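Single-structure report; data block below.
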Amino acid sequence: MVTEASGAARKNAPDAPSERGRDPKRGGGAVRHLGFVGDDAALVEALKRGEPGAPAALYDRHALHLRRVLARVLGVDDELPDVLHETFAQALSSIDKIDDPKRLEGWLVRIAVFTARGVIRKRTRRRWLRFMAPADIPDPGAAPTDPRARLALARVRRALDKLSADERIAFTLRYFEQLELREVADAMDVSLSTVKRRLKGAEKRFVAAAKADPHLREWLERSPRWSAA
Amino acid sequence: MSDGTEGSLERFGETIAGLQDEALDARQDLGAVRSRLLRRPEASRPSRGWLAFAGVGLAAVAALVVFALLPSEPPEPLAFTLPDGSAGGAGSFVSADAPEAIAFTDGSALELAAGSDLRFAQVDGDGARLDLQRGRVRLDVVHRDESTRWAVRAGPFVVDVVGTRFAVGWDPETGAFELHMEEGRVELEGPGFDGRAVVAGETVQLSVPDEPSAVADLELPPAGEEPQAAGTESVADADEARPSRRRAATLDWRRLAREGRHREAVRAADWDRILATGGPADLIALGDAARFAGQSEKAAAAYRAIRLRHPEDARAPQSAFFLGRLALARGDHAGAAVFFDAAATEAPAGPFAAVAEGRRLEAYAAAGDTAQARRAARAYLERWPEGAHATAAHRVLGEAPLGQRARTERAHGR
């Protein structure tokens with residue numbers, strides 16, 4: 001385990017933990033974990049060896065990216081932290097199964113997508129059983145302040161709910177996260193032709209839902225070339 | 001899919017991603033997840049095989065059977081965010097200076113026109129009951145299931161809706177009501193329109209019957225004469241002319257006010273008695289009725305009575321807020337600022353706090369009191385940095401609204 005005896009912050013620490021290390025009131029004697037030094041392949045080996053700082057390093061390097069991928073697919077709501085936690089927990093528990101340690105990021109994205117698919121299906125079942133309110137619950141505290149933007153996000157989620165889980169994932173990764181088709185296929189662990197087929201169905205259903213919704217149609221029409229579609 | 005659609009979806013996706021990034025930026029949960037993950041790495045367990053899965057499945061089936069036999073719990077109340085950024089709920093009140101949009105967690109949404117007042121009288125898991133006190137509201141209600149239930153009260157009219165898209169307008173000063181159906185079907189109840197269905201494409205325009213309906217509802221004996229036209233007699237004159245009606249009218253002004261028949265309520269109330277001896281609940285109700293009836297001086301008298309006779313009551317700051325609005329309406333910006341200041345400082349956590357602070361800075365600015373306006377603007381931004389009046393506060397301080405600019409750039413130019 002590597003440690004440092006000063007306030008130098010980890011480069012990749014996402015938020016509060018690294019800020020605490022900068023607190024001048026704590027003085028220069030605070031000892032914090034540096035996590036891990038090395039590339040992703042070395043990190044995977046450290047994780048397999050059970051090195052104590054490796055899980056933190058894995059999280060610090062990839063949490064922001066995976067949270068963004070999950071947000072694209074699921075939307076931003078209060079369940080997102082739990083899904084992110086589940087994604088990393090799955091990754092840590094199955095690190096021995098990674099084929100190519102150099103492609104750690106892609107492997108993590110596949111786990112995130114797999115976890116998100118489970119969440120979508122769980123939400124669908126919940127809606128059916130009415131154990132809770134519909135899953136498209138925007139987090140009021142974190143939503144954009146522009147009420148029309150809030151409305152647009154809520155309506156996007158409603159339109160996405162009309163897609164199957166696989167269509168939704170393909171659509172959001174392609175158009176929201178702006179991945180290339182090959183990258184979408186890798187993330188979903190399917191062939192390129194399968195992705196194209198899912199995207200075709202997703203586009204058809206999403207556009208139909210969006211055109212039927214005056215709020216969403218307004219946002220869509222702001223996009224150049226929409227009228228040519 | 002054409003290239004045009006694909007290109008449009010890419011640009012649309014960029015915009016949505018920008019909004020999502022903005023929402024993500026506002027969250028402070030990465031550190032908490034990190035702590036939880038590293039504290040309890042054993043939380044995630046590898047799969048235990050198909051036997052475990054089958055066990056879970058059997059347990060789920062058993063749970064479903066139990067669930068089917070038990071009475072279902074009521075769903076969580078709908079959640080929504082008010083224009084000032086606070087969480088809304090039953091009792092929330094929105095006074096829209098500019099058009100506002102509110103989204104609910106069931107996908108339903110409303111748009112409130114500028115100059116409208118709306119109260120969320122009731123909110124539960126099946127819908128909401130809205131009290132449109134003035135102005136125009138457009139609703140898009142999502143029909144989730146048979147229990148979905150929304151209603152809009154506008155004066156004496158009630159629009160009962162299950163799932164549809166429509167707009168309601170209500171002017172308490174003229175008694176003019178309008179319902180415009182865009183999609184679906186509602187049932188409209190009100191004077192002369194009891195329980196009739198209104199369907200897509202139809203527009204209903206009605207006005208509240210004046211004195212005759214009040215006489216009928218108060219179950220008064222036949223007067224033997226036509227009631228006078230609205231606005232042609234004072235309350236005292238009316239009471240003196242019809243002494244036999246006075247007791248019934250005094251007893252029933254509250255009901256008239258609750259039903260949105262504000263002009264009739266103002267006429268029916270015994271003003272001298274209520275102003276001298278009435279409790280804060282009566283005074284605020286009477287003040288509201290007079291305000292909605294367009295009788296500013298009567299409304300101000302009721303609100304002032306609350307502040308003079310019940311200064312410790314929770315409705316005292318609310319009265320100050322409405323006194324501020326009345327002052328604004330007559331162009332007394334300095335007076336309005338004083339009342340908004342009182343409303344904001346007497347109830348800093350009250351439902352009117354944000355809007356009172358916003359109106360206060362605007363009133364000081366309009367009155368030409370630059371120093372007070374700047375002080376109020378700084379105070380507003382400290383408490384409500386992204387509130388509805390943040391742009392006005394930045395303008396008073398001579399600053400660019402940075403947050404707004406950043407959001408716009410992120411949304412359109414990522």
* To do: Pop the C-beta distance of A:Ser94 and B:Ser147 into the FRET formula with R0 = 56 Å and round what comes out to the nearest 0.05.
  => 0.85
* Asked: Across the residues of A:63-72, average count of Cβ atoms on other protein chains within 10 Å?
  -> 3
* Per residue, how much accessible area does the range B:114-153 have with a 1.4 Å probe, in Å²? -> 35 Å²
* To do: State, in square angstrom and to the nearest 100, the accessible area buried between chains B and A, both chains counted, probe radius 1.4 Å.
  => 6200 Å²
* Going from the alpha-carbon gyration tensor of the range A:164-219, what semi-axes, largest first and in whole Å, does one get by taking the root of 5 times each eigenvalue? -> 23, 11, 8
* **Packing-based ranking, highest mean first, of B:382-391, B:197-206, B:283-292 given that Cβ atoms within 10 Å are counted** => B:283-292, B:382-391, B:197-206
* Exercise: per-residue mean of other protein chain Cβ atoms within 10 Å, B:108-120 -> 1
* To do: Place the peptides A:46-59, B:131-144 in order of packing, highest mean first, counting for every residue the other Cβ atoms within 10 Å and averaging per peptide.
  => B:131-144, A:46-59
* Label-point separation in nm, B:Ala329 to B:Ala90, each point 7 Å along Cα→Cβ -> 2.9 nm
* Quick one: dipole size for the range B:253-407, taken about the Cα centre, charges +1 on Lys/Arg Cβ and -1 on Asp/Glu Cβ, in debye to the nearest 20. => 300 debye
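Using a 10 Å cut-off around each Cβ of peptide B:96-103, what is the average number of partner chain Cβ atoms that fall inside?
The mean count of partner-chain Cβ atoms within 10 Å per residue comes to 4.
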* What spacing in nm lies between the two simple spin-label points modelled at A:Ala165 and A:Val37, each 7 Å away from Cα in the Cβ direction? -> 4.3 nm
* **Solvent exposure, largest accessible area first (probe 1.4 Å, DNA, RNA and ligands not counted), of A:Ser94, B:Ser207** => B:Ser207, A:Ser94
* **Cross-link pairs beyond the 26 Å C-alpha cut-off, checked among A:Lys102/A:Lys204; A:Lys162/A:Lys200; A:Lys102/A:Lys162** => A:Lys102/A:Lys204; A:Lys102/A:Lys162
* Once the Cβ-Cβ distance between B:Asp272 and B:Glu399 is put in as r, and R0 is 56 Å, what FRET efficiency do you end up with, to the nearest 0.05? -> 0.65
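The values are calculated or read from the model by the stated rules, or taken from the named source; none is laboratory data. These numbers come from a predicted model, not from an experiment. Note that we place each Cβ from the backbone using ideal geometry, even for glycine, and neighbour counts take in every protein chain shown. Surface accessibility is based on the protein's heavy atoms, side chains included, excluding ligands, DNA and RNA. Shrake-Rupley method; radii C 1.70, N 1.55, O 1.52, S 1.80 Å.
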